[in-house]
Structures are given as C-alpha cells and as structure tokens.
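Q: Got a structure here, written out as structure tokens. Questions coming.
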Amino acid sequence: MRLPGLPELDFGGARTLVLGVLNVTPDSFSDGGLFAGAEAAVARARQLVGEGADVVDVGGESTRPGSAGVSEAEELRRVLPVVEALAAEIPVPLSIDTTKAAVARACLRAGARIVNDVSALEADPAMGGAIAEAGAAVILMHRRGAPRTMQDDPRYDDVVAEVRAALAAALARAAAAGVDPARTLVDPGFGFGKTAAHNVALLAGLGVLASLGRPVVAGLSRKATIGALTGVADPAARLHGSVAAACLAAVNGAAMVRVHDVAPTREALAVADAVRAARRA
C-alpha cells in the first residue's frame, strides 16, 4: 500500500518501515534533550537516515505522562529551523509530531509531508483542515486524556475493541475535515492513557486494528511499559525490550514502527519480516 504523496514508502510490503524519532525538546523522557539544539538535531537526523530510517519524525513538545504543554511560538521556534534544514538535505520524508494546526501548517510549507497528531485531530479543530489543504498524510493516534493526567488510573472493558472504535471515529473525523482517507494511518497510542497490561493486549491485538484497512504505526520504543516488563528503569537503556516490541509489532500487523534506535531495530526486523512473510506463504 502506497499513500498518495509518499510513493517511496510501501506500507504493508515485504519490509516493516521504520520511523526514526527526533526529539528537539529539552525535556524528552527518552534522551534528556540531547538534540534540543538545531545543529544537534540535524546531525541526529543524518544519523537516523544513515542507519536506515524510512521517515524522520520531528517533535518539539514532550507528550510524556505528566508533561505540560508549550506555546505555539515556542514549539515553532524549536521545530521549524530543523524541518527547514532537513527538508533541503535528507532523502526521506519528514513527519511533524504536533497537535497544533499552526505548527503543522508552517512545517508542511517548509517541507514536512506527514503530520503525527497524538490527539487524532481533537486538540485543535483547525488541524484537519490544515492537513487537507496541504494534501499531507496524517498519523491518527489514540489517547485517553491529556498528557498531564492520562496515566491517572486508565480503565477499559476491552482495550483492543475500544481503541479500534476510537480510531474508526478518528478516521471518520479526518474524512469529515477533508483529509483524503488514502493518506491516513492509525496508531494505538501505546502508553497514552493505558497501563502496561493494556499495552500488552494492544500489542497482541494489532491485527484487529489493521482490520480498519489503514497502515498501523506502533510506537513502544523506550516507553514505561518496556521498563515494567524488563525491569530496566533508565529509558535510554531499554534497547533490548524496545527491539523485541518492534519485532512483535511487525509480526502482529504493524506496517511501521516508531523507534529511537534505528540500526538495531532494522537488523532485528529483517528476521521478524522473514517470519511474517513465511506466515503469509
């Protein structure tokens, strides 16, 4: 499956795609602001592409549990120079990780081609129109609650069924805003208003989400669930668990995984994709 405007990406093909995370925030949970400066961010993006990232996802506002938001002006100050520099240099598509329509518009004009909206167009009523006007692709992510409160005792009767229903509603919301349905992807939102048990159930049930007919993006890299399952407290040290989660996501139905550690993930996915192909044969 190839999305309009992204012909170089084959979602659901023989190989699971890799979206490399580029946090340009001073308070990222995963890398502690190592790439908050534009020069460091551009260098990191070059590294991600060199390691095999199919997409680079630029984010200027932390959405970790308990985080507070930043102003539109501050988010633009962080991300726009990076997007402008990378669009002129790197050979892979850029994604902008934002919930603000003004930030999305500016970055799409600067060369980004995907909007990664963790609110699935709910945080800013103008977001759907901004994406539609630009003819961009969008990743619609499920979350329950805002980052500051989303981990305060989240509960579901059937997390897979409820997340699937919410993503179906998000797809309908995007279409109503004028977004081309062929340019949409869905993300179950691991860790966004979910316990570790919920996240494990979603990882096992990715095939149910794939039945929506849109490419599924899975982002478990370095998250608290990996720490809970492995006992590794430091997010930056959760490589092995993160790679295992990426492989399971691929085998269970994800078309793309969002990761911090591109090279080891690509290597491991070569094995997972071979198993996935054997299942289909």
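The values are calculated or read from the model by the stated rules, or taken from the named source; none is laboratory data. Since we're looking at a predicted model, the values are computed, not measured. Cβ placement follows ideal geometry from the backbone for every residue including glycine, while neighbour counts extend to all protein chains displayed. These accessible areas exclude ligands, DNA and RNA; they are computed on the full protein's heavy atoms, side chains included. Shrake-Rupley method; radii C 1.70, N 1.55, O 1.52, S 1.80 Å.
Q: Between a first residue in segment 250-278 that is more than 15 Å from residue 53 (Cβ to Cβ) and a second residue that is modelled with pLDDT under 95 and among the charged types (D, E, K, R), which pairs have beta carbons less than 6 Å apart while being 6 or more apart in sequence or on different chains?
A: 251/276
Q: Is it the case that segment 265-274 has a residue that's surrounded by 14 or more Cβ atoms within 10 Å (Cβ to Cβ), in a helix (DSSP H, G or I) and at pLDDT below 95? Lay out the reasoning, then the answer.
A: As a first pass, look at segment 265-274 and keep what is surrounded by 14 or more Cβ atoms within 10 Å (Cβ to Cβ): 265-266, 268-269, 272-273.
Next, only the ones that are in a helix (DSSP H, G or I) stay: 265-266, 268-269, 272-273.
Right, trim to at pLDDT below 95 and you get none.
So far as segment 265-274 goes, no, none of its residues is surrounded by 14 or more Cβ atoms within 10 Å (Cβ to Cβ), in a helix (DSSP H, G or I) and at pLDDT below 95.
Q: Continuing with the same structure: Determine, yes or no, whether residue 150 is modelled with pLDDT under 95, of a type in the set (A, V, I, L, M, F, W, C) and open to solvent by less than 40 Å² (accessible area, probe 1.4 Å). Break it down into steps so the answer makes sense when it comes.
A: Numbers: modelled with pLDDT under 95: yes; of a type in the set (A, V, I, L, M, F, W, C): yes; open to solvent by less than 40 Å² (accessible area, probe 1.4 Å): yes.
The answer is yes for residue 150.
Q: Related question: Does residue 258 meet the test of being in contact with an Asp or Glu (Cβ under 9 Å, 6 or more places away or on another chain) and outside any loop (DSSP other than H, G, I, E, B)?
A: Values: in contact with an Asp or Glu (Cβ under 9 Å, 6 or more places away or on another chain): yes; outside any loop (DSSP other than H, G, I, E, B): yes.
Against the criterion (in contact with an Asp or Glu (Cβ under 9 Å, 6 or more places away or on another chain) and outside any loop (DSSP other than H, G, I, E, B)), residue 258 qualifies.
Q: Same structure again: Starting from residues that are under 19 Å from residue 200 (Cβ atoms) and open to solvent by 40 Å² or more (accessible area, probe 1.4 Å), keep the ones in segment 153-173 and report whichever is modelled with the lowest pLDDT. Even if it seems obvious, please write down each step before you answer.
A: The first filter runs over segment 153-173 and keeps only residues under 19 Å from residue 200 (Cβ atoms), leaving 153-164, 166-167.
Now restrict to residues that are open to solvent by 40 Å² or more (accessible area, probe 1.4 Å): 153, 155, 157-158, 161-162, 164.
Working: 153: 75, 155: 88, 157: 96, 158: 97, 161: 98, 162: 97, 164: 98.
Across segment 153-173, the extreme among qualifying residues is 153.
Q: Could you look through segment 28-39, keep only residues that are at negative phi and open to solvent by 30 Å² or more (accessible area, probe 1.4 Å), and pick out the one that is modelled with the highest pLDDT?
A: So the first thing to find is which residues in segment 28-39 are at negative phi, and the list is 28-31, 34-39.
Okay, now just the ones that are also open to solvent by 30 Å² or more (accessible area, probe 1.4 Å), so 29, 34-39.
Details: 29: 53, 34: 66, 35: 66, 36: 60, 37: 74, 38: 80, 39: 85.
This residue is 39.
Q: While we're here: Residue 8 versus (1) assigned to a loop (DSSP other than H, G, I, E, B); (2) modelled with pLDDT of 95 or more; (3) buried (at least 18 other Cβ atoms within 10 Å of the Cβ): which is the lone unmet condition?
A: (3)
Q: Here is a further query. Looking at segment 183-220, which of its residues are in contact (Cβ under 8 Å) with a residue 60 or more places away in the chain and open to solvent by 40 Å² or more (accessible area, probe 1.4 Å)?
A: 183
Q: Among the numbered criteria (1) open to solvent by less than 60 Å² (accessible area, probe 1.4 Å); (2) modelled with pLDDT of 90 or more; (3) assigned to a loop (DSSP other than H, G, I, E, B); (4) more than 13 Å from residue 94 (Cβ to Cβ), which single criterion is violated by residue 14?
A: (1)
Q: Tell me which residues, restricted to segment 250-264, are touching a Ser or Thr at 6+ places or on another chain (Cβ under 8 Å) and open to solvent by less than 30 Å² (accessible area, probe 1.4 Å). Please lay out each step first, then the result.
A: Restricting attention to segment 250-264, the residues satisfying the condition of being touching a Ser or Thr at 6+ places or on another chain (Cβ under 8 Å) are 250, 254-261.
Of everything in segment 250-264, those that are touching a Ser or Thr at 6+ places or on another chain (Cβ under 8 Å) and open to solvent by less than 30 Å² (accessible area, probe 1.4 Å) turn out to be 250, 254, 255, 256, 257, 259, 260.
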